[in-house]
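Participant: Dropping the structure in here first, questions after.
Every number in this text was worked out from the coordinates using simple rules, so none of it is lab data. What you are looking at is a predicted structure, and each value in this text was computed from that prediction instead of being measured. All Cβ positions, glycine included, derive from the backbone under ideal geometry; neighbour counts span all protein chains shown.
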Amino acid sequence: MSVDVKTVKRVARLARIAVSEEDAERMTGELNTILGFVEQLNEVDVSGVEPMTSVTPMEMKKRQDIVTDGNKAADIVANAPATEENFFLVPKVVE
Amino acid sequence: MSDLTRLTISQARAKLRAKEITATEITEAYLQAIDRANPALNAYVAVTGDKARDMAKSSDARLVKGEGGALEGIPLGIKDLFGTEGVHTQACSHVLDGFKPRYESTVTSNLWADGAVMLGKLNMDEFAMGSSNETSYYGPVINPWRRSRLDTVVMPTTHQGDGGFVSAGGSKTQRSLDNAQLVPGGSSGGSATAVSAFLCAGATATDTGGSIRQPAAFTGTVGIKPTYGRCSRWGIVAFASSLDQAGPIARDVRDAAILLKSMASVDPKDTTSVDRPVPDYEAAIGKPIKGMKVGIPKEYRVDGMPEEIEALWQKGIAWLKDAGAEIVDISLPHTKYALPAYYIVAPAEASSNLARYDGVRYGLRVPGKDIVEMYEKTRAAGFGREVKRRIMIGTYVLSAGYYDAYYLQAQKVRNLIKRDFENVFAAGVDVILTPATPSAAFGIADEDMAADPVKMYLNDIFTVTVNMAGLPGIAVPAGLDPKGLPLGLQLIGRPFEEETLFQTAAVIEQAAGTFQPEKWW
């Protein structure tokens, strides 16, 4: 399978990365090189093989459903580019 | 006073405990060395001098009282991927500009609890994506090793130089260093260079596809990626969560064992952290390997592999045989599919993990006319080319209509890769010996690799299988190539049998010796 410039632009939109016309063209070539490389996986017979879900055979650890952490609003917003009273500030989303 | 930066961790530990040296002295020696070398090598992206001096002072107070921890007063470098409270933590990306976490990663917390001293944060490929440390926002790291060449020098018959030097004439051969700058490998290139060039006693690193073992091999250092789940991932910037593991880079096998013992732990904050006590890895060093079964996988003999890599491998086999190990030929038939499967699984996980860099909660924000444009502009400006490439691949293989063909197929192949290893271990093989990399360190800005991303990816061809199967792997220096560059061998073990790796790597180290670059910086 290979991608065209239109697909690359659609994927960039999904990934929320702005791309110029020039970027999209360069990326199309790069992505096709990589997709060409991974193509060889199709020759592997995987009939009856389950997809891996965990590399170590272990049961997912569970914890009690209780609050163990919190009251750190100031810490959480400390690195944000724009905040007000412990809220993250973003451009207007709803008119 | 002899150069304190030349001491291994085990040597420094003995001298600190015997009060022959102080933590402050050794810390100052490293800070001075960093000051002098960093402009040339670019290993550190942040030096935490004041913090280091404070930590050393506390260590000295504890050492005086005989209360020192396992790493008391040992100065370490920390890869920029580890969250360090109040200190530069950016995964060497522009998108995390100015980020100083309000928390400390579990691995670094463990090190500080054992008394280690933090010298600063180490350069790396952006978000650990790369095999040459050239994708860092902070510029490439330079390998302290340089190629050397043998020249025939005609000696003047007699010469009265400034120093009164007199020669009888004739000619001789001498080795001279080539000026070409080489990469230290990646993604833990800063860690490998800093350890190799005596800019820290040891360093933390992480390995998703070979990022500890490949740079260790390129710099003549020892690097171990432990079993998935051995070190907590909590507080480490995530790249591909099912593959990422932390581990140390050190100057010898014993130092790597000492560091891993402190870094590893059982951590309730990481659900993939495995509930097993951490053994004393150092105790495995020096144990005989007589009767151990060492597997040699035929699939690791790849086309176009340089002769010196094959020769090194044969030397390793001979050393282990001489030490009484039984050498057996084995087959890991799905080896060639590990790298292509990795380039689906790792980008897929990365595209999800890196979705959080949106200009809202931390780091860079580039304004836009609405929130979507702000996201898109921020991510376009904040991520480098390699990171964008991988996010794009990951987004594509996870997108509607392609998920089964790519991601599901890769995860099935991943199970087959793991099964290959399980089969040979079930047949009685204790450890597998392979080359660590398909070549020695290459030049900065290599044109072939810049033109074709897959060429760069092939660096990890021998290491990536280990991540796919979640196994432990160690790279240990085993010799120099004809141009005088270090080469490494890799040992792969059963899950949670890191002790076998240290035990066997120590035998290789004893036969091969240790390797230090000639100082030019």
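Participant: Work out how far the C-alpha atoms of segment A:29-74 reach from end to end along every principal axis, then list the three figures in whole Å, largest first.
Facilitator: In descending order, the Cα extents are 51, 34, 13 Å.
Participant: Another question about this same structure. For segment B:7-66, which semi-axes, largest first and in whole Å, follow from the square roots of 5 times the eigenvalues of its Cα gyration tensor?
Facilitator: Output for segment B:7-66: semi-axes of 24, 13, 8 Å.
Participant: While we're looking at this one, here's another question. Once every DSSP H run of n ≥ 4 in chain A is given -39500 (n - 2.57) and the sum is divided by its residues, what mean residue ellipticity at 222 nm do you get, rounded to the nearest 500 deg cm²/dmol?
Facilitator: -10500 deg cm²/dmol
Participant: Which is farthest toward the positive dipole end of segment B:292-366 among B:Leu320, B:Ile344, B:Gly304, measuring Cα position about the Cα centre, with Cβ charges +1 (Lys, Arg) and -1 (Asp, Glu)?
Facilitator: B:Ile344
Participant: What translational diffusion coefficient, in µm²/s and rounded to a whole number, does the Stokes-Einstein relation yield for segment B:226-357 at 10 °C and a viscosity of 1.306 mPa s, taking the hydrodynamic radius as the Kirkwood radius over Cα pairs?
Facilitator: Translational D for this selection: 88 µm²/s.
Participant: Could you tell me how far the Cα centroid of segment B:241-259 sits from the Cα centroid of segment A:21-64, in Å?
Facilitator: Taking the Cα centre of each part, segment A:21-64 and segment B:241-259 sit 26 Å apart.
Participant: With 10 Å bins from zero, work out the P(r) of segment B:287-439 over every alpha carbon pair and list the percent per bin.
Facilitator: Percent of pairs per bin, in order: 10, 25, 23, 19, 14, 7, 1, 0.
Participant: Counting other Cβ atoms within 10 Å, which trypsin sites (Lys or Arg not before Pro) in segment B:282-366 have at most 11 and lie in a DSSP loop?
Facilitator: B:Lys290
Participant: Under a point-charge model restricted to the Cβ atoms of Lys and Arg (+1) and Asp and Glu (-1), what is the dipole moment magnitude of the protein assembly as shown relative to its Cα centre, in debye to the nearest 20?
Facilitator: 680
Participant: Could you list the square roots of 5 times each eigenvalue of the Cα gyration tensor of segment B:305-370, that is, the equivalent ellipsoid semi-axes, sorted largest first and rounded to whole Å?
Facilitator: 48, 15, 12
Participant: What's the ranking of B:6-14, B:224-232 by average number of surrounding C-beta atoms within 10 Å, highest first?
Facilitator: Ranked from most to least packed, the peptides come out as B:224-232, B:6-14.
Participant: Quick check on chain B: helices-only [θ] at 222 nm, where DSSP H runs of length 4 and up contribute -39,500 (n - 2.57) each and the sum goes over total residues. Nearest 500, please.
Facilitator: Value at 222 nm, helices only: -11000 deg cm²/dmol.
Participant: Given Cα positions, please report Rg to Rh for chain B, the hydrodynamic radius being the Kirkwood one.
Facilitator: 0.98
Participant: Another question, if that's okay. Which whole number gives the average, over all residues in B:394-405, of C-beta atoms from other chains lying within 10 Å of the residue C-beta?
Facilitator: Per-residue shielding by partner chains comes out at 3.
Participant: Let me ask something else about it. Could you state the number of Å between the C-alpha centres of segment B:448-521 and segment B:96-145?
Facilitator: With segment B:96-145 and segment B:448-521 each reduced to a Cα centre, they are spaced 20 Å.
Participant: Rounded to whole Å, give me the distance from the Cα center of segment B:381-406 to that of segment B:1-34.
Facilitator: If we compute the Cα centre of each part, the gap is 46 Å.
Participant: Placing unit charges on C-beta atoms (Lys and Arg positive, Asp and Glu negative, everything else neutral), compute the dipole magnitude of chain B about its Cα centre in debye, rounded to 20.
Facilitator: Roughly 380 debye for chain B.
Participant: Mind checking the alpha-carbon convex hull of chain A and giving the volume per residue in Å³?
Facilitator: 270
Participant: Could you pull out every one of the lysines with an alpha carbon less than 23 Å from that of B:Lys369, ignoring same-chain neighbours closer than 8 positions?
Facilitator: Of all the lysines, those that pass the test against B:Lys369 - Cα under 23 Å, at least 8 places apart if same chain - are A:Lys9, A:Lys92, B:Lys377, B:Lys388.
Participant: Now for a separate question. Semi-axes of the equivalent ellipsoid of segment A:1-44: what are they in whole Å, largest first, if each equals the square root of 5 times a C-alpha gyration tensor eigenvalue?
Facilitator: Whole-Å semi-axes of the equivalent ellipsoid: 22, 11, 7.
Participant: Could you estimate the translational diffusion coefficient of the protein assembly as shown from the Stokes-Einstein equation, with Rh from the Kirkwood formula over C-alpha pairs, at 25 °C and 0.890 mPa s, in whole µm²/s?
Facilitator: 98
Participant: Evaluated at 25 °C with a viscosity of 0.890 mPa s, what Stokes-Einstein diffusion coefficient in µm²/s does segment B:258-303 have when Rh comes from the Kirkwood expression over alpha-carbon pairs?
Facilitator: Once the numbers are plugged in, D ends up at 172 µm²/s.
Participant: While we're on this one: Considering the zone a paramagnetic label at B:Trp521 would reach in this model (a point 7 Å from Cα along the Cα-to-Cβ line), which residues of segment B:99-133 have amide N under 15 Å from it?
Facilitator: Backbone N within reach: B:120-125, B:133.
Participant: From other protein chains only, count the Cβ atoms within 10 Å of every residue's Cβ in A:77-89, then give the mean.
Facilitator: 4
Participant: Now a separate question. Which trypsin sites (Lys or Arg not before Pro) from segment A:19-95 combine a DSSP loop assignment with at most 14 other Cβ atoms within 10 Å?
Facilitator: Passing both the DSSP loop test and the Cβ count: A:Lys61, A:Lys62, A:Arg63, A:Lys72, A:Lys92.
Participant: Okay, moving on. Take each of the peptides B:40-53, B:367-380, average the number of other beta-carbon atoms within 10 Å over its residues, and list them starting from the highest.
Facilitator: Ranked by mean Cβ neighbours within 10 Å, highest first: B:40-53, B:367-380.
Participant: Once both axes come from the Cα atoms, what is the angle between helix A:21-38 and the longest principal axis of chain A, in degrees from 0 to 90, rounded to 10?
Facilitator: Helix A:21-38 sits roughly 70 degrees off the main axis of chain A.
Participant: Restricted to Cα positions, what overall size does segment B:210-290 have along the principal axes? Three whole-Å values, descending.
Facilitator: Here the spans come out as 36, 30, 21 Å, largest first.
Participant: Right, here's the next one. Considering just Cα atoms, how many Å³ per residue does the convex hull of segment B:1-157 enclose?
Facilitator: Spread over its residues, the Cα hull of segment B:1-157 gives 157 Å³ apiece.
Participant: Wrap a convex hull around the Cα atoms of segment B:375-457, take a quarter of its surface area, and give that in square nanometres.
Facilitator: That works out to 8.9 nm².
Participant: Inside 10 Å of the C-beta atoms of A:57-70, what's the mean count of C-beta atoms belonging to other chains?
Facilitator: Neighbouring Cβ atoms belonging to other protein chains average 2 per residue here.
Participant: Right, here's the next one. Sort B:Asp303, B:Asp35 so the one with the fewest other Cβ atoms within 10 Å of its own Cβ comes first.
Facilitator: Result, fewest neighbours first: B:Asp303, B:Asp35.
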